[in-house]
1. Suppose the filter is surrounded by 10 or more Cβ atoms within 10 Å (Cβ to Cβ) and of a type in the set (A, V, I, L, M); does Leu137 pass it?
2. Can you name the number of the only condition in (1) out of contact with any helix residue (DSSP H, G or I) (no Cβ under 9 Å at 6 or more places or on another chain); (2) modelled with pLDDT under 95 that Met86 fails?
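The values are calculated or read from the model by the stated rules, or taken from the named source; none is laboratory data. Predicted model only: the values in this text are computed from it and were never measured. In this analysis, Cβ positions are derived from the backbone assuming ideal geometry, glycine residues included, and neighbour counts consider all displayed protein chains.
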Amino acid sequence: MAEEPSKTDGTLARIERHMIRGNEVVAENAHAFGDLRAFLGEQTEVLGALVTEMRAQGEALREFREEMRAHGEEIRAQGEEMRREMAEQRREFREEGEASRREFREEGDRIRREFSEEGDRLRREFHEEMAMARAALVAILDRLQGGGGAAPAT
């Protein structure tokens, strides 16, 4: 006759099954943990590369900003230089205009003075010639009327 299994044997069998299943779970967990460790290692490398890239881009951005700032300062300096040059050109143009006006005024004054002097000289000559012509006419009339004076030389 076969012996009936005791309660203890059933409990031990159940414990053994649980132990086997526990060992399987531990093995699965160990395998999953290894996979997780590998995945996290890969992600760490990816994140490290991203951080390196972000730092490089940040540095490139800082350099770009610095270049743009320097370029902006250069443009401002050029603008300021152009403003100074334009102001200088306006000043020179104004001075040249004033000098030209002064020269034209002086030349006009000189020409008016010369014309006035020439006019005065011509008037004097005309008056002198008229006086001489009048004197000659008076002498001719005197002679014609019987006066004995000699006619003046003309």
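1. When the stated conditions are applied, Leu137 passes them.
2. Result: Met86 passes all but (2).
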